[in-house]
1. Please state which one of GLY380, GLY393, GLY374 is more than 24 Å from ALA74 (Cα to Cα) and either more than 14 Å from the ligand (Cβ to nearest atom) or in a helix (DSSP H, G or I) (or both).
2. Looking at SER105, SER122, can you tell me which residue is hydroxyl-bearing (Ser, Thr, Tyr), open to solvent by 40 Å² or more (accessible area, probe 1.4 Å) and in a loop (DSSP other than H, G, I, E, B)?
3. Contact list please: Cβ distance under 7 Å, first residue in segment 6-34 and touching a residue at least 60 places away in the same chain (Cβ under 8 Å), second residue assigned to a strand (DSSP E or B) and of a type in the set (Gly, Ala, Ser), pairs at least six apart or on different chains.
4. Please give the helices (runs of 4 or more DSSP H) falling wholly within segment 157-219 in which 1 or more residues are on the phi > 0 side of the Ramachandran plot and crowded, with 20+ Cβ neighbours inside 10 Å.
5. Tell me which residues, restricted to segment 34-53, are more than 7 Å from the ligand (Cβ to nearest atom) and open to solvent by 10 Å² or more (accessible area, probe 1.4 Å).
6. Pairs under 8 Å by beta carbon, first residue in contact (Cβ under 8 Å) with a residue 40 or more places away in the chain in segment 202-226, partner among the charged types (D, E, K, R) and within 10 Å of the ligand (Cβ to nearest atom), six or more apart or different chains?
7. Taking the criterion of being away from the ligand (no atom under 14 Å from the Cβ) and either of a type in the set (A, V, I, L, M) or open to solvent by less than 10 Å² (accessible area, probe 1.4 Å) (or both), would at least one residue in segment 66-87 satisfy it?
8. Against the definition (without any contact (Cβ under 8 Å) to a residue 12 or more places away in the chain and among the aliphatic types (A, V, I, L, M)), how does ALA389 come out, yes or no?
Amino acid sequence: MMNVTQSKLHNGSLYWPSTMSDIPSYPALNQRVVTQVAIIGGGMTGAICAAVLARSGIPAVVVEGNLAASGSTAANTGLLQFSNDIMLHQLAEQIGEMAAVQFYSACRQALKSLSELADTASFETGFHQRSSLYCASSLEDASKLYKEYGLLRKYGFPVDWGVPSHIQHQDSFRETAALVTHGDAEVNPVRFAHGLIDGAVKQGTKVFEKTKVQEIERRNGRFVIHTANGQIIANQLVRAAGYLPGIESSQQIKPILRRSYAITTPPNSLPSSWPNHYMMWETARPYFYFRTTPDGRIIAGGLDENRPDPVTDSNYLENRAKHLLAELSSLFPEKQWAAEHAWCGTFGESADDLPFLGESPEQPGLFHALGCGGNGTVYGMLAAEMLKAQLLGEKHPLSALLTPRRAGAKPNTQII
Ligand SMILES: Cc1cc2nc3c(=O)[nH]c(=O)nc-3n(C[C@H](O)[C@H](O)[C@H](O)COP(=O)(O)OP(=O)(O)OC[C@H]3O[C@@H](n4cnc5c(N)ncnc54)[C@H](O)[C@@H]3O)c2cc1C
């Protein structure tokens, strides 16, 4: 195991930081800065918001308490899908078919926007278009999955039914009921976030690292953001501070925190029987999933636990890694699998499986950008688009659905 790191959001040997030999760094804030938008948090969400604002010519400052892309973003396995943890037909039962389709369509559009951002990022981000194989974990789930296929197809989403013929020769998938979604993608989250931040800086955005926001005050309609050695005065505030509480306690959203595990196999370990770099996940909850990397690794994850803190016991982490390797062995029994990296990370969920995005009803000018569940990057893109619409005085079609004050946020998720 390499690159052993510890933080409150992840623990173990992360893979992504090892893919960047020269990670950009930014100064700590030691002055008073005036801007239009202050973004608290330099993770994936803050980076996407910064990139979108920079491209729209909106002045912004990113303030990061630790290092950019070092929070949950560094533990992210980098699967980007328009399908969500909650299936379209289940979401339709929850919020109505039209609203559910609108949300799924927005996620699909967000993938296209992420692809455009990747194309113009200042360096290679590991963004590649992929298709996903969504496998039924049980006979009962096969009919659920087929229902999902029908609804996705009805609304023109790019889906096929059945395991593609070039994967069928893999015995473990031959009998599996599966839905294939196209237009998904994989990304290197650390390179992507840094690429976006670097690009935004070149367009005028200011970024400060190792600058924790300690207090936020309202003065003459503006936000005064206090840090140890400086101040940021901003008209608008974006809370892209991820899952841990700490700032804006009066308006805080409390996601349900869980921990999840992931491993990376060595380069060139990808079996030739798995062509076209398909991403794979399943209908069971929590789900096992894997994706590949351009240098022939498999990144596999799952085994979510109802615990907020990442595991600190290295024996337990090793045991979870073995469990993920055993899952791989059951799918590809012809190979001997080993993990080069294994880690555990914290992520947040909401009671209704939707992210919390939008302006605080109590504090005009404060925008919450908190993506929950396994699709946080796509939700980061939605957040940036909604933020931009708000700043331009436009109404975003998803604002009522995703508002942090929505009824669906109850009962496990509180806004205090
Ligand atoms: C194991 C695992 C696998 C995952 N896989 C995927 C996946 O395949 N696809 C996907 O889309 N998502 C995935 N996720 C979820 C994804 O990691 C998150 O949704 C996403 O990274 C959240 O980004 P963020 O910027 O909101 O949070 P973070 O990356 O945590 O960034 C928040 C930043 O805010 C900073 N901050 C906090 N408080 C302050 C303060 N007071 N002052 C200044 N700065 C502050 C923190 O230091 C941090 O850097 C996964 C998560 C885990 C744990």
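The values are calculated or read from the model by the stated rules, or taken from the named source; none is laboratory data. Keep in mind it's a predicted model, so treat the numbers as computed, not measured. Cβ atoms come from the backbone with ideal geometry, glycine included; neighbour counts cover every protein chain shown. Note: accessible area is taken over every heavy atom of the protein model, side chains too, but ligands, DNA and RNA are not part of it. Shrake-Rupley method; radii C 1.70, N 1.55, O 1.52, S 1.80 Å.
1. GLY393
2. None of the other options fit; the residue is SER122.
3. LEU9/GLY345; HIS10/GLY345; GLY12/ALA342; SER13/ALA342
4. Here the list is empty.
5. VAL34, THR35, GLN36, VAL52
6. VAL207/GLU64; PHE208/GLU64; GLU209/GLU64; LYS210/GLU64; THR211/GLU64; ILE225/GLU215
7. Pass one, segment 66-87, residues away from the ligand (no atom under 14 Å from the Cβ): 86-87.
Restricting the remaining residues to those that are either of a type in the set (A, V, I, L, M) or open to solvent by less than 10 Å² (accessible area, probe 1.4 Å) (or both) gives 86-87.
Yes, some residue in segment 66-87 is away from the ligand (no atom under 14 Å from the Cβ) and either of a type in the set (A, V, I, L, M) or open to solvent by less than 10 Å² (accessible area, probe 1.4 Å) (or both).
8. Criteria met by ALA389.
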